[in-house]
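Visitor: First the structure, which I've put down as structure tokens, then a few questions once you've had a look.
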Amino acid sequence: MISIVCFVFLFLLMVVCFLFLIPNKNINGNSLYANIDKHTRLDSLPSPKIIFVGGSNLAYGLDSKRIQDSLGIPVVNMGLHAGFGLRFMVNEIKPSVHKGDIVVISPEYHHFFKEGMLNGEKVLVALVVDVDRRNLKYLSLGQMLHLTPFAMKYAVSKIAGKQFDVMDEGTDFYENRYKRNSFNRYGDENMHWTYPNREIKKMGMPLSTDKVSEEAIGLISGLNTYVTGREARLMVIPPAFMNGEYNDYKRIIDQTSGALAESKVPFSIPPERFVYPDSLFFNTIYHLNKKGVDDRTGVVISMLRKELNQH
């Protein structure tokens with residue numbers, strides 16, 4: 001028994017060493033490194049400010065400069081990758097919320113129904129291990145346990161020297177796709193604004209449960225309590241969504257909307273308002289092209305202006 005325990009301990013120690021000591025050169029300069037730039041901006045902005053929180057539906061779905069110019073309030077778009085998980089997205093912005101701020105959170109619908117999307121997936125391991133280890137402080141013990149299988153696979157990929165595709169996408173569509181330098185200073189991925197749409201494959205319903213996650217709703221409700229306690233405000237908006245997939249997802253969209261309403265933090269914009277024609281999407285059911293970005297940004301500006309006028 002003692003020998004087995006020692007073997008397991010040594011094995012785990014070896015995995016940890018490979019995980020943290022061997023760099024993953026395959027991800028150098030990709031869009032995960034934009035998280036560093038986003039935090040630099042977040043920490044440098046005075047309050048009041050507007051903080052957008054979410055996955056890539058925000059990175060590929062807003063013109064933050066236009067929002068800032070229209071409202072006269074500094075803006076940072078923290079949206080990057082849904083695979084970071086809702087818990088990490090919430091925790092990474094909390095220390096930077098101050099009096100007068102407006103936090104606008106826009107989770108992808110998968111965060112409410114897909115197992116693993118609450119606590120993060122393999123892309124989060126890459127972020128906290130190879131991109132910026134300061135992000136480790138935003139992980140709970142439960143998250144670390146959840147991420148252990150991903151971490152072990154990640155360590156093995158480093159040992160083997162194999163490509164670890166954290167983005168789950170090819171890189172041949174355009175030269176700087178999914179790169180750090182494809183983001184502007186506000187946190188928007190704006191390089192794709194000048195590129196033609198890519199063919200989008202139908203996703204169907206790749207979800208793990210038919211019931212909305214109470215933990216996910218609790219995270220947003222808890223964020224609302226936290227933000228309010230810091231004399232700031234929280235608003236929840238739906239992600240942009242492609243009309244061609246809307247009927248398949250309508251049930252879970254309605255469930256999400258209803259659960260948020262019951263928790264007293266409803267969507268500030270009806271989900272249907274951000275359901276756009278397929279022609280306005282760039283490469284996934286959540287990523288808008290420039291025309292779609294312009295429309296969504298205009299709606300968000302109107303929402304925020306109304307909120308500011310009421311206060």
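Visitor: What net charge is computed for the residues neighbouring SER213, neighbours being all others with C-beta under 10 Å from the C-beta of SER213, Lys and Arg scored +1, Asp and Glu -1? List each step's numbers first, then the result.
Guide: On the way: positive: LYS114, LYS211; negative: GLU115, GLU214, GLU215.
Neighbour charge sum, excluding SER213 itself: -1.
Visitor: Continuing with this model, one more query. I need to check one value: relative contact order of region 181-295, counting alpha carbon pairs closer than 8 Å and at least 6 residues apart, in percent. Don't skip to the answer; put the middle values down first.
Guide: On the way: 123 pairs, mean separation 37.9, N = 115.
Result for region 181-295 is 33 percent.
Visitor: To continue, here is another question. In whole angstrom, how far apart do the alpha carbon centroids of region 33-95 and region 107-122 sit?
Guide: 19 Å
Visitor: Taking θ = phi - 60°, what integer Hz values does the Karplus form 6.51 cos²θ - 1.76 cosθ + 1.60 yield along region 304-311, in sequence order, with x for Gly and Pro?
Guide: 5, 4, 5, 5, 5, 5, 6, 10
Visitor: Please order TYR33, TYR195 by the number of other Cβ within 10 Å, starting at the fewest. Can you show the working numbers first?
Guide: Working: TYR33 19, TYR195 15.
Going from sparsest to densest Cβ surroundings: TYR195, TYR33.
Visitor: Around SER47, under 11 Å between beta carbons, what's the net of Lys plus Arg minus Asp minus Glu among the other residues? List each step's numbers first, then the result.
Guide: Numbers: positive: LYS49, LYS99, ARG230; negative: ASP101, GLU231.
Result for the neighbourhood of SER47: +1.
Visitor: Restricting to Cα atoms and excluding each atom paired with itself, what does the Kirkwood estimate give for region 193-311 in Å?
Guide: Details: mean 1/r = 0.0629 Å⁻¹.
15.9 Å is the Kirkwood radius here.
Visitor: Here is the link list: LYS94/LYS202; LYS122/LYS201; LYS49/LYS201; LYS49/LYS264; LYS38/LYS114. Which ones come out longer than 31 Å on Cα distance? Mind dumping the intermediate values first?
Guide: Numbers: LYS94/LYS202 35 Å; LYS122/LYS201 22 Å; LYS49/LYS201 37 Å; LYS49/LYS264 23 Å; LYS38/LYS114 26 Å.
In this structure, LYS94/LYS202; LYS49/LYS201 exceed 31 Å between Cα atoms.
Visitor: Rounded, prolate or oblate: which one fits region 32-310, using the alpha carbon gyration tensor with axes a ≥ b ≥ c (rounded when a/c is under 1.5, else prolate when a/b beats b/c, else oblate)? Show your work: numbers first, answer last.
Guide: Values: a/c = 1.23, a/b = 1.16, b/c = 1.06.
Here region 32-310 falls in the rounded category.
Visitor: Return the long-range amide H neighbours of PHE282 (sequence gap of 5 or more, or a different chain), with a cut-off of under 5 Å between placed amide H atoms.
Guide: Excluding prolines and chain starts, which carry no amide H, the hits are HIS287, LEU288, ASN289.
Where a number appears in this text, it was derived from the coordinates with a stated rule and is not lab data. All values derive from a computational prediction rather than experimental measurement. With ideal geometry, Cβ positions are generated from the backbone for all residues, glycine too; neighbour counts draw on all protein chains shown.
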